[in-house]
Amino acid sequence: MSKIGTTEVARIAKLARIGLSEEETASMSAEIGQIMEFVEQLQNVDVSDTEPTDQVTGLEDVWREDEVRPSMPREQLLANAPEQKDGYIVVKRVLG
Amino acid sequence: MINITRPIAELVADVKAGKLTAADLVQASLARIAETEDYHAVLELNPAALEQAKAVDARVKAGEDLPLAGIPFIAKDNYLTTGTHTTAASNILRPFRSPYEGPVIRRLKAAGAIMVAKANLDAFAHGGSTENSDFGPTKNPHDPTRIPGGSSGGSAAAVALGQATFAVGTDTGGSIRQPAAMCGVVGLKPTYGLVPRTGVVAMASSNDVLGPLTRSVADAGLVLDVMAGPDPTDATTIPRDKGSYAVKAGSLKGLNIGLIKEYLGQGLDPEIKAKLLATVARLKAAGAEVHEISLPATELALAAYYILVPAEVSSNLARYDGVRFGHSSPKATNLEETYRLSREEGFGPEAKRRIMIGTYVLSSGYYDAYYKRAQKVRTQLIGQFNEAFKKYDLLLGPTSPNPAFPLGSKSGDPLALYLEDVMTVAVNLVGIPAVSIPFGTASGNLPVGLQLMAPQRAERRLLEAAAAAEDLIGDWSAR
């Protein structure tokens, strides 16, 4: 399971929306393979009776009132947008 | 010449008594930053620092009781701050200016502290050497040919260089404690959720914590006392202790300390081991009960960490898409290319690697084998720490297996760099507090740190013991 070929790297890169050069794809294949080989040791652990942990301080469903609060000014939030027009963020064409 | 490296309590007392002003302290801090800029601890100065200092002086004069009156500090550049850039030392955030600040920066300012600069880090806090900064590495104050540790390497170096009285950093797998150890300062990682994460660039949200880097345990307690406490914008925050975290040294007599056996094993520099055991002998002579304890799951912690953290990283870093903020590729002709090219151009090799690993372990068909299994190992690790804390008040070990290594010596070998975190990651996965204090030197004059760990929310116990150990150690640079 731990060998990650360049086709697999390309598949993951597509999922992650990251462009990789040919050189990066090759080095990524070797490095990710090496790291996955290292984490492979977990496969030998008996976890059959263990529940997974995703929250360490025991909090569950934290609620708050659903109330209207003031937000930041629109111009301030748009100030970081690479391109904007008439108070909206401009994006490139969505369809090919 | 004004000395900003004195204890915070003394500086604050002098500011309140009118013997010093916030403006004096900030000017001294800025002068020291300029004098030591070759270390590249700092990425950007706060242009309004002096003006903000004068405002603090006015508040002090008006009789406001400010716990950090006039104290200059440096924030790791993954803290969102207005009036400067916030880059996380990454090219993709190079143009970013935050429209808001989080509760921690607001609390520090309200307490009278003044942010003088933003500190360098491994881009997005991915790394343990600060060599992954897209803007170039920071140099170790004790040997400029070596790394300062990371990812809060700029923050740790800044404190060691005396550029500010304290710094604030983030710790996801050791990023406060390990650079603190390598730079000879104190680094405190609080309980998960004690300090709100809002206003910090997210890395791995179930592990990320914010904490101080200081010149003493007393200073760390004073700063934590300002940082800690819930905030409605971070639903994972927990209540703070009713008492102050600014505690005095406690008694070592009768304190039960467990020395983690696995951290003394393979990979630990023999000189660090010998000196650590000598320090343990002194703790015992001072009345502490120290016994070895085995926590076998700590040997699996690193493997679990390097599944869980990249998974969370890949999710958190999905927001950098070239659309709403940050770098956007000028070469893109459609939306898909905006995503792909902006991320290709803006992320450095380590961020890409972690996003790729995270995407892989979360992808269809692999989720149960990797991510879910790692979460179960995390449960086992938590169980072993809980058992240990039934018997021991505190746990002890080295912070890092080795002193700071030469710049460039491990680049090109990502796994070798990951192994640097072997003694720090378990604390994050378990969510407990830990502090690294300098206790000696190795390989010549290079500082090394020891790590004390306490159960969740036991920061006061942790800091009382750490302050006592600090007193016992005395001048670490002579040991």
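Each value in this text was obtained by applying a stated rule to the coordinates, not by laboratory testing. Because the structure is predicted, anything quoted here is derived from the model rather than measured. So basically every Cβ, Gly included, is an ideal-geometry build from the backbone, and we count neighbours across all protein chains shown.
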Worksheet item: Which fully enclosed helices (runs of 4 or more DSSP H) of region B:395-479 have 2 or more residues being more than 22 Å from B:Arg215 (Cα to Cα) and over 18 Å from the mean Cα position of the chain (by Cα)?
Response: B:414-418
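The rows are residues; the columns are (1) surrounded by fewer than 17 Cβ atoms within 10 Å (Cβ to Cβ); (2) out of contact with any Asp or Glu (no Cβ under 6 Å at 6 or more places or on another chain); (3) of a type in the set (Ser, Thr, Tyr); (4) at the interface with another protein chain (Cβ under 9 Å from one of its Cβ atoms).
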site	(1), (2), (3), (4)
B:Ala288	no, yes, no, no
B:Tyr306	no, yes, yes, yes
B:Ala311	no, yes, no, no
B:Gly322	no, yes, no, yes
B:Asn334	yes, yes, no, yes
B:Pro349	no, yes, no, yes
B:Asp368	yes, yes, no, no
B:Lys372	yes, yes, no, yes
Discussion item. If I filter region B:296-336 down to residues being under 24 Å from the mean Cα position of the chain (by Cα) and part of a loop (DSSP other than H, G, I, E, B), which single residue comes out as farthest from B:Leu417 (Cα to Cα)?
Written reply: B:Tyr320
Fill in: Of the criteria (1) farther than 19 Å from B:Val223 by Cβ; (2) crowded, with 23+ Cβ neighbours inside 10 Å, which one B:Gly70 fails
(1)
Practice prompt. Working only within region B:418-445, note down all residues that are under 28 Å from A:Phe38 (Cβ atoms) and hydrophobic (A, V, I, L, M, F, W, C).
Written response: B:Leu419, B:Val422, B:Met423, B:Val425, B:Ala426, B:Val427, B:Leu429, B:Val430, B:Ile432, B:Ala434, B:Ala442
Discussion item. Could you go through region B:439-446 and let me know if any residue there is closer than 24 Å to B:Ile293 by Cα and more than 14 Å from chain A (Cβ to nearest Cβ).
Written reply: yes
Discussion item. Among the listed residues B:Gly102, B:Gly128, B:Gly153, identify the single one that is under 18 Å from the mean Cα position of the chain (by Cα), under 18 Å from B:Ala220 (Cα atoms) and not hydrophobic (A, V, I, L, M, F, W, C).
Written reply: B:Gly153
Discussion item. If a residue must be surrounded by 14 or more Cβ atoms within 10 Å (Cβ to Cβ) and more than 7 Å from every other protein chain (Cβ to nearest Cβ), how many such residues does region A:41-82 contain?
Written reply: 1
Worksheet item: Of the residues in region B:412-433, how many are surrounded by fewer than 20 Cβ atoms within 10 Å (Cβ to Cβ) and in contact with a helix residue (DSSP H, G or I) (Cβ under 8 Å, 6 or more places away or on another chain)?
Response: 2
